[in-house]
Every structure is written in C-alpha cells, then in structure tokens.
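Everything below concerns the one structure shown next.
Taken together, the values in this text are just the output of simple stated rules run on the coordinates, not laboratory data. The shown structure was predicted, so the numbers you read here are calculated from the model rather than taken from an experiment. Here Cβ is always computed from backbone atoms with ideal geometry, including for glycine, and neighbour counts include all displayed protein chains.
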Amino acid sequence: METLYLQLEKLWFDQILHGKKHSEYRAITPHYDKKLFAKEYTHILFLNGYSKDAPRMIVELKKITKNDYWKKYELHLGKVISSENIRNEREEIRVVEGE
C-alpha cells in the first residue's frame, strides 16, 4: 500500500469524511507533477492540521486524471478506510459554551 500525504481544509475534509465529496483537486505544477506521480499510490492520508493529534483519515485512491476544464489534477476518491482524532461538532460547541 503506497500512501500519499495531503493537507485539507476542514470544509473539504468533512465533506470527504461524510461521503459528500468524491474528488480532490491539486494544481498542475512541477511540485504536484513530482509528488503525485513519484509512486503508484493506492491510498491518501488526509490531514486537517499539522499537530500530532490532527484529524486524519485514510481514503482509497481510485485514479488520478488531468481535468482540462479546471486545469487541475483530479484525484478520484473511493471509500474512507479509517479515521482518527475526529471530534464531534456538538462536543466542540459544548466545550466552547462551557468556557
């Protein structure tokens, strides 16, 4: 299993986690040319933050295509394999209200 590591903003992270977003996009740049095609990836580890306990999930990567309309690479996502450090939003609201 070759895993690609990518950062995501919370909105996109949550949409993928809940099955509402099935593709992720990256700019066509020399950086992503090298990163996306260095290996034959089968999974993506998405991180939402940089801390060691940041929310994360592993998602199946079906394929990578070039989207000429958006001028971006399109990463076609499969099912969410696992997730860690996911907070319940109601729990977060209670913590903020209780302070």
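Using only Cα atoms, find the angle between the long axis of helix 89-98 and the longest principal axis of the chain, and express it within 0 to 90 degrees, rounded to the nearest 10.
40 degrees
Take H22, H43 and order them by how many other Cβ atoms sit within 10 Å, fewest up front. Let's see the in-between values first.
Details: H22 14, H43 17.
Arranged by neighbour count, lowest to highest, H22, H43 become H22, H43.
For the chain, compute the number of Lys pairs whose alpha carbons are separated by less than 13 Å, excluding pairs fewer than 8 positions apart on the same chain.
For the chain, qualifying lysine pairs total 6.
For the chain, which span is the longest to avoid every loop-located (per DSSP) member of trypsin sites (Lys or Arg not before Pro) having at most 11 other Cβ atoms inside 10 Å? Present the calculation step by step, with values, prior to reporting the outcome.
Values: sites that count: K20, K39, K52, K71, R87.
It works out to 1-19.
About its Cα centre, what dipole magnitude does the chain give when the only charges are +1 on Lys and Arg Cβ and -1 on Asp and Glu Cβ, stated in debye to the nearest 20? Please list the in-between numbers first.
Details: 18 positive and 16 negative charges, 92 e Å.
Around 440 debye, computed over the chain.
Can you put L11, L4 in order, fewest other beta carbons within 10 Å first? List each step's numbers first, then the result.
On the way: L11 10, L4 18.
Arranged by neighbour count, lowest to highest, L11, L4 become L11, L4.
Can you sort V59, V80 so the residue with the fewest Cβ neighbours within 10 Å comes first? Could the numbers behind the result be given before it?
Details: V59 24, V80 15.
Starting with the residue having the fewest Cβ neighbours, the order is V80, V59.
Mind listing the long-range amide H neighbours of L77? Cut-off is under 5 Å, sequence gap 5 or more, other chains count too, H placed in the peptide plane at 1.01 Å from N.
S23, E24, K62
Can you give me the convex hull volume of the Cα atoms of the chain, divided per residue and expressed in Å³?
Details: hull volume 11.7 nm³, N = 99.
Per-residue hull volume (Cα only) is 118 Å³.
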